[in-house]
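Step one of this worksheet: look at the structure below.
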Amino acid sequence: MIEVGAAARDAALLCSDMHLGDHDPRTAALFLERLDAHARGVAHLFLLGDLFEAWVGDDQPDAAAQALIERLAAFAATGTRVWAMRGNRDFLLDVPFPADAVPRPAASFGARTGAVMLDDPCTVRLFGETVLLAHGDALCTDDEAYQRARALARSPAWQRDFLRRPLAERLRIAGELRGESRRVQAARAMDDIDPGDVNPAAVDAALRAAGARSIVHGHTHRPACHRWQLDGAPALRRVLPDWHADGAGGAARGGFLRVDASGWSTLGP
Ligand SMILES: [Mn+2]
């Protein structure tokens, strides 16, 4: 299990839902600038899904993606451990191409960044506390159509079939998935225009299964810190914000959670 806090000066930074891509260079620039400001010297960086607006495979031809990849590689080279989880937008991140796909990317996302992929959910130890990390979409169990689409898009057969297609075709399909044809089942798997909220019973079940009382997730774009009683003891759900350089009212939104020996803090965009 990942252990943060073995050294007293350890610190971890967590974020999600940057939705980076060439469609929005301002948000990409904002995120990279804030990442530089806050992640320097941090021992662990956790990216909890939807790093990218879309990801059609590790040959994604995207200047914003390339910029983040180079930045992550630079952090990894200076000793920061970079951990990445797939979201519903970038569920093909670091998924190996089938052996008969032509051409195949020269290097995977993980190889290019030094990032290690995390299962969703996964349990980590943060300064002695067992914390469940998740993107959050799997906890939105009220949306049954979404969960069916999610299962399909995570199936090895669907992913093999998709990654075997030429890049131009994958990009065209991804574009269509975001356009009119949301009736296509796989389109629902990427749809988070209104992501809905997590189901409280699903959160309780996930915490019980992990033996944790604390969870951090993104996806819902509803940043908060929720406290409640789980089986007679306090439980905590920290929700990460999504990022946008031009949010409501023209203000930038986004932010990190940071945890170190002195506790948790929120760092604004
Ligand atoms: Mn999401």
Simple label model, 7 Å out from Cα along Cβ direction - residue 23 to residue 227, nm: 3.9 nm
Kirkwood hydrodynamic radius of the chain, from inverse mean 1/r over distinct Cα pairs, in Å: 19.0 Å
Rg to Rh quotient for segment 192-269, alpha carbon positions, Kirkwood Rh: 1.02
Relative contact order (percent, whole number), the chain, Cα cutoff 8 Å, 6+ residue spacing: 23 percent
Pairs of alpha carbons in segment 1-126 whose separation is greater than 19 Å (percent): 47 percent
For segment 200-214 and segment 66-142, distance of Cα centres in Å: 22 Å
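Relative contact order for segment 1-132: what is it in percent, counting Cα pairs under 8 Å that are at least 6 residues apart?
Details: 224 pairs, mean separation 38.7, N = 132.
Contact order relative to length: 29 percent.
Throughout, read-outs are computed from the coordinates displayed, never taken from laboratory work. These numbers come from a predicted model, not from an experiment. Glycine also receives a Cβ, built like all others from the backbone with ideal geometry; neighbour counts cover every protein chain displayed.
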